[in-house]
Amino acid sequence: MTGGAGYIGAHVVRTLLDGGDDVVVLDDLSTGRADRVPQAATLVKGDIGDRDVVRRTVREFAVAGIVHIAAKKQVGESVEQPMLYYRDNVVATQVLLDEAVAAGVGSFVFSSSAATYGMPDVDLVDEDTPTRPLSPYGTTKLVGEWMSRDVAEATGLRVLALRYFNVAGAATPELSDPATLNLIPLVFRELTSGSRPKVFGADYPTPDGTCVRDYIDVRDVAEVHAAGLRQLAADPDGPRFRVYNIGRGEGSSVLEVLDVIGAVTGFDMTPEIVGRRPGDPARIVGGVERVKRDLGWSARYELREMVESAWAGWQQRG
Ligand SMILES: NC(=O)c1ccc[n+]([C@@H]2O[C@H](COP(=O)([O-])OP(=O)(O)OC[C@H]3O[C@@H](n4cnc5c(N)ncnc54)[C@H](O)[C@@H]3O)[C@@H](O)[C@H]2O)c1
């Protein structure tokens, strides 16, 4: 598995170990931390774009399936430095796919993103909704899907592309998201530094005027990787490539999230309403029927549990 020292990857590692799998993590620790990888897994420190390291790792450990999570993920940075994103998210994924096929790896689970959809003008985005990414980040995730789809069609590899929506929460405080890029940690940072939470636009065509998103607990995200790998192993003649939305299928507005954060943290949540950010869709909520039907997976955790567990992590980091 790649990226297992990161926020989502560290949760996936634990879920796979709990299910009895042997796990090897290839991670360059650029945003990940070695202490997030449990002792029961093997950590190889290396870059997924480094063909020698990838080849050696896949062969030495006789890898049967790859969960490919390592990537760059900052939308703004991808606009400023697109080549960094093409290098890590596209070129490195090509190296990994090449080496996986050459070594006869059977399954490949790819971390994609709802950012592949861009600004869809529908209430519920399903996997057939046209993909029109608005940033190099979203584009590179879509290219990753296309590459893995085409490789799957041409070889024996079987691929699941998982388009995560807004991932939040943590299994334990130590595993919480160290980045402050998403709404919940951003609000924690504002609150604990004495600022009011900022709301970027309250004039969207949504019930309360603020943007609506689909929040999904990282523990549920981890679980769907295990379900996906199990399904690939159980049905060797199934489709070569499938794509799934990974969300709750329910939208929460920014003001609704702030309400929950207020209830959990006890902070005054009177927001500061500022202008819209360019490129923010009014509403993006995933239709999740397909993953439920095919993998028997659906989300178990509620928004409040995500906020509570993320807040426990935030407090622990001081
Ligand atoms: N966090 C979210 O809300 C979200 C939403 C949609 C999709 N995703 C996708 O999920 C994946 C993981 O996200 P995350 O939030 O855990 O990010 P993260 O930054 O915490 O984890 C990424 C991991 O990959 C490693 N890595 C990065 N580049 C590497 C390289 N070239 N070689 C080896 N290792 C490398 C990092 O060290 C880190 O451990 C990414 O692919 C991201 O695009 C995340």
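Worth a mention:
- Top-ranked residue in region 203-226 [being hydroxyl-bearing (Ser, Thr, Tyr) and away from the ligand (no atom under 12 Å from the Cβ); ranked as surrounded by the most Cβ atoms within 10 Å (Cβ to Cβ)]: 210
- In region 51-76, the residues that are in contact (Cβ under 8 Å) with a residue 24 or more places away in the chain reach residues that are within 12 Å of the ligand (Cβ to nearest atom) and aromatic (Phe, Trp, Tyr) with C-beta atoms within less than 8 angstrom, at least six apart or across chains, in these pairs: 68/110; 72/85; 72/137; 73/137; 74/137; 75/137.
- Every residue from region 99-146 that is charged (D, E, K, R) and in contact with a helix residue (DSSP H, G or I) (Cβ under 8 Å, 6 or more places away or on another chain): 99, 126, 127, 141, 145
- Residue within region 302-312 that is modelled with pLDDT under 95 and in contact with a Gly (Cβ under 9 Å, 6 or more places away or on another chain) present: no
- Test: residue 161 is more than 20 Å from the chain's Cα centre (by Cα) and modelled with pLDDT of 95 or more: no
- With respect to the stated conditions, residue 200 is away from the ligand (no atom under 16 Å from the Cβ) and touching a residue at least 60 places away in the same chain (Cβ under 8 Å).
- Hits in region 112-129 (condition: more than 16 Å from the ligand (Cβ to nearest atom) and either under 14 Å from residue 68 (Cβ atoms) or of a type in the set (D, E, K, R) (or both)): 121, 123, 126, 128
- For region 1-111, the helices (runs of 4 or more DSSP H) that sit wholly inside it and include 1 or more residues that are more than 8 Å from the ligand (Cβ to nearest atom) and either aromatic (Phe, Trp, Tyr) or modelled with pLDDT under 95 (or both) are 75-80, 82-85.
- Residue 175 vs. criteria crowded, with 18+ Cβ neighbours inside 10 Å and farther than 17 Å from residue 75 by Cα: yes
- Selected residue (criterion: nearest to the ligand (Cβ to nearest atom)) from residues of region 169-189 that are more than 18 Å from residue 276 (Cβ to Cβ) and over 16 Å from the mean Cα position of the chain (by Cα): 174
The values are calculated or read from the model by the stated rules, or taken from the named source; none is laboratory data. In this text, all values refer to a predicted model and were calculated from it rather than measured experimentally. Cβ sites come from the backbone with ideal geometry, for glycine too, and all protein chains shown count toward neighbours.
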